[in-house]
1. Exactly one condition in (1) part of a strand (DSSP E or B); (2) closer than 27 Å to residue 220 by Cβ is not met by residue 92; state its number.
2. Please state which of the following conditions residue 56 fails to meet, knowing it meets all the rest: (1) within 16 Å of ligand 1 (Cβ to nearest atom); (2) in contact (Cβ under 8 Å) with a residue 60 or more places away in the chain; (3) loosely packed, with under 13 Cβ neighbours inside 10 Å.
3. In region 240-259, which residue that is within 16 Å of ligand 1 (Cβ to nearest atom) and among the aliphatic types (A, V, I, L, M) is farthest from residue 103 (Cα to Cα)?
4. What tally of residues in region 167-185 results from selecting those that are farther than 13 Å from residue 113 by Cβ and either of a type in the set (A, V, I, L, M, F, W, C) or within 16 Å of ligand 2 (Cβ to nearest atom) (or both)?
5. Please identify the pairs in which a residue from region 239-251 that is within 14 Å of residue 206 (Cα to Cα) has its Cβ atom under 7 Å from the Cβ atom of a residue that is within 16 Å of ligand 1 (Cβ to nearest atom) and among the polar types (S, T, N, Q), counting only partners at least 6 apart or on another chain.
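Every number here is computed from the coordinates shown, using simple stated rules; none is lab data. Keep in mind the model is a prediction, meaning the values are calculated, not measured. For neighbour counting, all protein chains shown are included, and Cβ atoms are generated from backbone atoms with ideal geometry for every residue, glycine included.
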Amino acid sequence: GATVLAVLTAVGACAGGPSQEPRSTSGQFEDGGPIVVPEEWTVEVLDVSPHDPEAFTQGLEVVDGTLYEGTGLVGESTVRKGPVGGEPTVTVSLPEPLFGEGITVVGSRLWQLTWRSGVAVERDVDTLEERRRVRYDGEGWGLCHQEGPDRLVMSDGTATLTFRDPDDFSVLGTVEVTDSGNPVAELNELECVGDTVYANVWHTDHILRIDPATGAVTARIDASGLLTPQEAAEADVLNGIAALDEPDHFLVTGKLWPKMFTVRFVPTG
Ligand code: DDQ
Ligand code: CA
């Protein structure tokens, strides 16, 4: 696990003076508990597969060997599904003016967020046809579903993750994500794996491993260098993490990336 600095001598002590207060004024603790210093991890590439270089990837998820991808941009937003490593077999469009964002599968439904319209679209997971829309406050960025507790986890461009009822999107709670005690804004695409939430951070090549119970970042995964400089020059940012059926294996891609990478996240050194 990550290093828990319950007794911290150097950090915070200089600025705050010699206070031994065990709560936040000393910088040693946050409201949620002791400050957690994330581990530094990297990615090990196991395989490379093609990715639609015109897909402005906003959501990526694999369920039972089927890859679901949501794309963005007004007039170009879609949801598509197909076998992992193959071409999509079903593609549907999200009509203007909606800008598609994160997606997640919950049983027989798929939820698709929109960026600034405050609308989530419920789709039939088989046909991807729209079933209904629900409203939410704020922006929509990333989305994933936890089995237990049965809830959605949603990012909105801030450091706050919102937990929602997977039936009606009502808010069940929130948590602020912090790295070494500091809020991390612009959390983007999400992936729920057991009790862990992974998030990539907009405009970075970092994927964060987050404990949603406390919001603490427990590992910072450096996923830079997946694309060649030439490929990166024509692509947009890293965005898209999907846990594969094989434990600890993930697909990672990005907006307008020509490739998807099968990776494992591994501690550095
Ligand atoms: N978000 O996905 C991070 C929430 C928003 C991305 C917005 C990207 C806008 C690109 C606009 C390009 C217009 C051609
Ligand atoms: Ca995902």
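1. Checking residue 92 against (1) part of a strand (DSSP E or B); (2) closer than 27 Å to residue 220 by Cβ, the one that fails is (2).
2. (3)
3. The selected residue is 256.
4. Let us first name the residues in region 167-185 that are farther than 13 Å from residue 113 by Cβ, namely 167-168, 170-185.
Still in the list and also either of a type in the set (A, V, I, L, M, F, W, C) or within 16 Å of ligand 2 (Cβ to nearest atom) (or both): 171-172, 175, 177, 184-185.
So the count comes out to 6.
5. 239/57; 239/58; 239/188; 239/200; 240/57; 240/253; 241/200
Yes/no per residue for (1) aliphatic (A, V, I, L, M); (2) over 23 Å from residue 209 (Cα atoms); (3) exposed (fewer than 15 other Cβ atoms within 10 Å of the Cβ):
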| residue | (1), (2), (3) |
| --- | --- |
| 41 | no, no, no |
| 62 | yes, no, no |
| 76 | no, yes, no |
| 103 | yes, no, no |
